[in-house]
Amino acid sequence: MEPLYEPHGVEERWQRRWEEEGHYAAGAGARSDETFVICVPPPNVTGALHMGHALNGSIQDLLIRWHRLRGFDTLWQPGYDHAGIATQNVVEKQLASEGTSRKELGREAFVERVWEHLDATGRTIMGQFRRLGASMDYSRERFTMDDAYIEAVMGFFVQLWHRGWLYRANRLVNWCPYHETSISDLEVEHVEVDDALTYARYPFADGSGSLAVATVRPATMLGDVAVAVNPDDERYRDAIGKEVFVPFVVRRIPVIADARVEVGFGSGALKVTPGHDPLDFAIGADHGLPTLTVIGPDGRMNDAAGELAGLTQAEADERIVAWLKEHDQLEKRESYRHSVGTCERCHTRIEPLISLQWWCAMGEAAQPALAALRERRVRYTPESQHQFAIRSFEEIPDWNISRQLWWGHQQPLWYCPDGHVTCVWPPPDACAECGSVEIERDPD
């Protein structure tokens, strides 16, 4: 007899035998009509399982086995998630290490490369679950890019369309310049950074002096459409209604009053740049201000930035600060530590950017869930989390459903030369409105 127990081989053999004999299958050993089902939170197919999966999986396995022993009709449903941006990020890093990129490969070849990657990682994940002894019904393994899954996703998208909940609009989104896609608030990681707070003088158009405005992003001054002050700030009461010149571009903009301006930040005067800041976007919308976008999808200054077009934001900052010094409009610069949003995948600084995206109106869609929470048909523990869930549905914003990714579910939307939108599944042969056969699928 061996002095030490070696699990390798022994556990694999028993795991294989128990699967073959159907002990983990749905309904195995059921002695009642009561059911107990857990769908494993699908791990991303970006590599291997980690300690968190092992911990959470052990708890799920305990519950499944306990209910199975009690005669419940049990199912532990296995599967894994295609993880759009996470998986694309992993494969893009692989390509970068090989000296190429997804843009050099092209969309079709890139998607094929992702499938090759997933073929290996998918087997790794299910193999790890087996080595953990997880009593899942492996015969039911699913993947969120299976043919049947795609059919379900496309079908539900079309249902949302026919309910009138989907619309396209230019709105401010969390934009990742590296992946060149919008991302959700949950994918934004906030980190503390040290920046320079620049105080610039905006001269009054009537020649009566200037207004000092503080910003950590001088490059966005080119997109300023107003300066806002708090109506309760005595320092600027006489400035409201006047006009000032934006430094560098020397454009006239109004001084407006808005209670959302923080009196204690910087000089108390806020440059309003709706195209590049969430608060400014809200202020601009409420005051009917125009929106200027001076930073492109790649994070560099765009053509609207004039002579600064093509520069990085850091390079544009330097040019603008130098201009301020030369024209005696730089009041001061000071160190400023603050929280900045970054992409949780690539850690690139997020750019608040106006982008044409597809949205799902959530007002009506949220009502069934909200009713279930209020009526206590669904309960969260502790009570504080239950109340948080209710508030979340009461305040839920419309959902940005489009992503500018090459990997994942592509929206079942087609456009014809006349601008008509066709939303159907399976793919159509012609425009549903005018019959044109010249249709192109939305790339998102």
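The values are calculated or read from the model by the stated rules, or taken from the named source; none is laboratory data. Note that this is a predicted model, so its numbers are computed, not measured. Please note: Cβ atoms are built from the backbone with ideal geometry, for glycine as well, and neighbour counts cover all protein chains shown.
Of all the residues that make up the range 310-353, how many are among the hydrophobic types (A, V, I, L, M, F, W, C) and closer than 18 Å to Gly223 by Cβ?
First pass over the range 310-353, keeping only residues among the hydrophobic types (A, V, I, L, M, F, W, C): 311, 314, 316, 320-324, 330, 340, 343, 346, 350, 353.
Within this subset, residues satisfying the condition of being closer than 18 Å to Gly223 by Cβ are 311, 314, 316, 320-321, 323-324, 350, 353.
Residues in the range 310-353 being among the hydrophobic types (A, V, I, L, M, F, W, C) and closer than 18 Å to Gly223 by Cβ: 9 in total.
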All but one of (1) in contact (Cβ under 8 Å) with a residue 24 or more places away in the chain; (2) in a helix (DSSP H, G or I) hold for Arg237; which doesn't? (1)
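When the residues of the range 78-122 are narrowed to those that are aromatic (Phe, Trp, Tyr) and modelled with pLDDT of 90 or more, which ends up farthest from Ser139 (Cα to Cα)? Talk me through it step by step, then tell me what you get.
First, the residues of the range 78-122 that are aromatic (Phe, Trp, Tyr): 80, 110, 115.
Filter once more, keeping what is modelled with pLDDT of 90 or more: 110, 115.
Numbers: Phe110: 30, Trp115: 21 Å.
So the residue we want is Phe110.
Pick from Ala28, Ala48: which is at pLDDT below 95 and under 37 Å from the mean Cα position of the chain (by Cα)? Don't jump to the end; show me each part of the working.
Details: Ala28 fails: under 37 Å from the mean Cα position of the chain (by Cα).
Just one listed residue meets the conditions, Ala48.
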Quick check, is Asp119 among the charged types (D, E, K, R) and free of Cβ contacts under 8 Å to residues at least 60 places away in the same chain? yes
Exclusive hit being on the phi < 0 side of the Ramachandran plot and either in contact with a Leu (Cβ under 8 Å, 6 or more places away or on another chain) or surrounded by fewer than 18 Cβ atoms within 10 Å (Cβ to Cβ) (or both), set Leu222, Leu211: Leu222
Out of the residues in the range 91-126 that are basic (Lys, Arg) and within 23 Å of the chain's Cα centre (by Cα), which is nearest to Gly47 (Cα to Cα)? Lys93
In the range 4-58, what residues are in a helix (DSSP H, G or I), surrounded by fewer than 16 Cβ atoms within 10 Å (Cβ to Cβ) and of a type in the set (Gly, Ala, Ser)? Gly52, Ala54, Ser58
Mind listing whichever residues of the range 263-302 are closer than 16 Å to Ala226 by Cβ and of a type in the set (A, V, I, L, M)? Ala269, Leu270, Val272, Leu279, Ala282, Ile283, Ala285, Leu289, Leu292, Val294
So how many residues does the range 79-113 have that are within 17 Å of Glu180 (Cβ to Cβ), part of a helix (DSSP H, G or I) and of a type outside the set (S, T, N, Q)? 16
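In the range 132-176, which residues are more than 16 Å from Gln410 (Cβ to Cβ) and within 22 Å of the chain's Cα centre (by Cα)?
At the first step, the residues of the range 132-176 found to be more than 16 Å from Gln410 (Cβ to Cβ) are 132-143, 148, 159, 162-165, 167, 169-176.
Correct list: Phe143, Trp165, Tyr167, Ala169, Asn170, Arg171, Leu172, Val173, Asn174, Trp175, Cys176.
Out of Pro231, Pro254, which single residue is surrounded by 15 or more Cβ atoms within 10 Å (Cβ to Cβ) and at pLDDT 95 or above?
Numbers: Pro231 fails: surrounded by 15 or more Cβ atoms within 10 Å (Cβ to Cβ).
Only one candidate qualifies: Pro254.
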Of the conditions (1) of a type outside the set (Val, Ile, Thr); (2) touching a Gly at 6+ places or on another chain (Cβ under 9 Å); (3) in a strand (DSSP E or B), Tyr178 satisfies every one except a single condition; which number is it? (3)
Please go through the range 211-234 and pick out each residue that is closer than 22 Å to Gly310 by Cβ and assigned to a helix (DSSP H, G or I). Pro218, Ala219, Thr220, Met221, Leu222, Gly223
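For the range 17-46, which positions are of a type in the set (D, E, K, R), within 14 Å of Ser139 (Cβ to Cβ) and touching a residue at least 40 places away in the same chain (Cβ under 8 Å)?
Of the range 17-46, the ones of a type in the set (D, E, K, R) are 17, 19-21, 31, 33-34.
Next cut, within 14 Å of Ser139 (Cβ to Cβ) only: 19-21.
Scanning the range 17-46 gives a single hit, Glu19.
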Between Gly164, Gly133, which is of a type outside the set (Ser, Thr, Tyr), farther than 30 Å from Ala28 by Cα and part of a loop (DSSP other than H, G, I, E, B)? Gly164
Do the conditions hold for Ile64, that is, is it assigned by TED's automatic domain parsing to the domain that holds Ala25, in a helix (DSSP H, G or I), crowded, with 18+ Cβ neighbours inside 10 Å and touching a helix residue (DSSP H, G or I) at 6+ places or on another chain (Cβ under 9 Å)? no
